[in-house]
1. Of the candidates L198, L27, L208, which one comes out as most mobile in a Gaussian network treatment of the chain with C-alpha springs shorter than 10 Å?
2. Per Stokes-Einstein, at 20 °C and 1.002 mPa s, what whole-number D in µm² s⁻¹ belongs to the chain, with the Kirkwood radius over Cα pairs as the hydrodynamic radius?
3. When the Cα centres of region 179-237 and region 26-84 are compared, how far apart do they sit, in Å?
4. Per q in 0.14, 0.20 1/Å, what log10 I(q)/I(0) does a Debye calculation on the alpha-carbon atoms of region 1-117 return?
5. Based solely on its DSSP helices, what 222 nm [θ] is calculated for the chain when runs of n ≥ 4 H residues each add -39,500 (n - 2.57) and the sum is averaged over all residues, nearest 500 deg cm²/dmol?
6. Between N12, N105, N21, which gets the highest mean-square fluctuation from a Gaussian network model of the chain, Cα cutoff 10 Å?
7. Arrange M101, M52, M18 by Cβ neighbour counts within 10 Å, fewest through most, would you?
8. To check you understand DSSP bridge types, tell me what percent of the beta bridges within the chain (both residues inside) are antiparallel, rounded to 5.
Amino acid sequence: MSVFHFKEFVVNQENCPMKINTDGVLLGALCDVQQAKSICDIGTGTGVIALMLAQRNHQSKIDALDIDYRAVDTASVNFQNSLFHERLAAHHHSFIEFFEMHPSNRYDLIVSNPPFFLNALKSPHHQTNLAKHTDEFFFIDLLRVASTHLHKHGSLEIIVPLEISLLLEHLANDYYLHLERKIVVKSFQDKEAFRHILKFQKNPSVELQTEVFTIYEKEGEHSLQYRSALKNFFTIF
């Protein structure tokens, strides 16, 4: 499906190498955006996370970054066609380039659904590689940028597989970032987790909070958790 209709916006993903996926919509629905007036979405793809956050917080202004020009073109059109277009801007830069160009930028929230096939066999298609593959230096740079460009009480929220979650938890303290919340994502209650949504803060206010989020109640039936999280976005709920 090249055009995805949400309740308050439409996402055309036809020319974008990274399509809408479960990781992105979960991060868009579950990350803590209540106090975030300034947001940076790293690796925006279609722009769906930025659009979800703009819907959830009507005071937010969002810079959406992507290294792939087709993703930026796609996100830009999706932004312009939304009710939130005045608060959204897409930029064709890597996040390192962007912050080198804007060294004084500070955000309440930096959010990312990043490339995650760490040291995996790469696709022969260059654009797919850009969208899906990375190495640990990406995450080191992400932590460094977050440490520098978050406001005093700002946070970094990211959805990753478990092995990358362990890497981030190990490295975060080196950049004065502290894990405040971990959402353990499972397909079914009796299955192993396959993703973590991590919230790192510069100045944590509480001890680490861990919660479990289950997508399906049973085969073909979404859980009440999932329905509650996505009811303001998906037309099927």
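1. Ranking L198, L27, L208 by mean-square fluctuation puts L208 first.
2. 119
3. Computed from Cα coordinates, the inter-centre distance equals 20 Å.
4. Normalising to I(0) and taking log10 leaves -0.49, -1.06.
5. -9000 deg cm²/dmol
6. N21
7. Numbers: M101 10, M52 28, M18 24.
The fewest-first ordering by Cβ neighbours comes to M101, M18, M52.
8. Within the chain, antiparallel bridges account for around 45 percent of the total.
All of the numbers you see were taken from the coordinates with simple rules; none came from a lab. Note that the coordinates shown come from a computational prediction; the quantities given were computed from them, not determined experimentally. Counting neighbours? That spans all protein chains shown, and the Cβs are built from the backbone with ideal geometry, glycine included.
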